[in-house]
Amino acid sequence: VIKPDIVMFHEPLPDAFHRAVARDVDHADMLLVMGTSLSVAPVSYLPDTLRHLPSVFINAEWTPTVQDGVFDIFVEGDCDAVIASLEREGLQEVLQ
């Protein structure tokens, strides 16, 4: 059986994912979510779990999570175009 290196719907995430979340959550400065419907658990629970962090959601369309007030900022648009725009506005300098 040949399987791509992705998690298929209804498959559990690898243990490494859960270990990384537990390890990294206390070290995060902000949550940046891009290009997802946030409709598949357990990843869909991360924004609510990390409400204590400043958060930005960049997505092509509005999702119910936006209405829930989970994110501090919602930017509607193509993710690549939004990031390119932010880079032009000086984000690249901030990240370096």
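The values are calculated or read from the model by the stated rules, or taken from the named source; none is laboratory data. Treat the numbers as computed from the prediction; the structure is a model and nothing was measured. We place every Cβ from the backbone using ideal geometry, glycine too, and count neighbours over all the protein chains shown. Only protein heavy atoms, including side chains, enter the accessible area calculation; ligands, DNA and RNA are left aside. Shrake-Rupley method; radii C 1.70, N 1.55, O 1.52, S 1.80 Å.
So for the stretch 35-42 (the condition being touching a residue at least 40 places away in the same chain (Cβ under 8 Å) and not in a loop (DSSP other than H, G, I, E, B)), does at least one residue qualify?
Within the stretch 35-42, the subset touching a residue at least 40 places away in the same chain (Cβ under 8 Å) is 35.
The next check asks that each one be not in a loop (DSSP other than H, G, I, E, B); those that pass are none.
For the stretch 35-42, residues touching a residue at least 40 places away in the same chain (Cβ under 8 Å) and not in a loop (DSSP other than H, G, I, E, B): absent.
To keep it simple, each residue is scored yes or no on (1) at pLDDT 90 or above; (2) farther than 28 Å from Gly77 by Cα; (3) hydrophobic (A, V, I, L, M, F, W, C); (4) open to solvent by 90 Å² or more (accessible area, probe 1.4 Å).
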site	(1), (2), (3), (4)
Val7	no, no, yes, no
Pro12	no, yes, no, yes
Asp29	yes, no, no, yes
Met34	yes, no, yes, no
Ala41	no, no, yes, no
Ser44	no, no, no, no
His52	yes, no, no, yes
Ala60	yes, no, yes, no
Thr63	no, no, no, no
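Of His27, His10, which residue is under 29 Å from Leu86 (Cα atoms) and of a type outside the set (A, V, I, L, M)?
On the way: His10 fails: under 29 Å from Leu86 (Cα atoms).
After applying the criteria, what remains is His27.
Could you grab the pairs with beta carbons closer than 6 Å, sequence gap of 6+ or different chains, first residue in the stretch 68-82 and within 20 Å of Leu53 (Cβ to Cβ), second one assigned to a helix (DSSP H, G or I)?
Val70/Pro47; Val70/Asp48; Phe74/Val66; Val75/Val82
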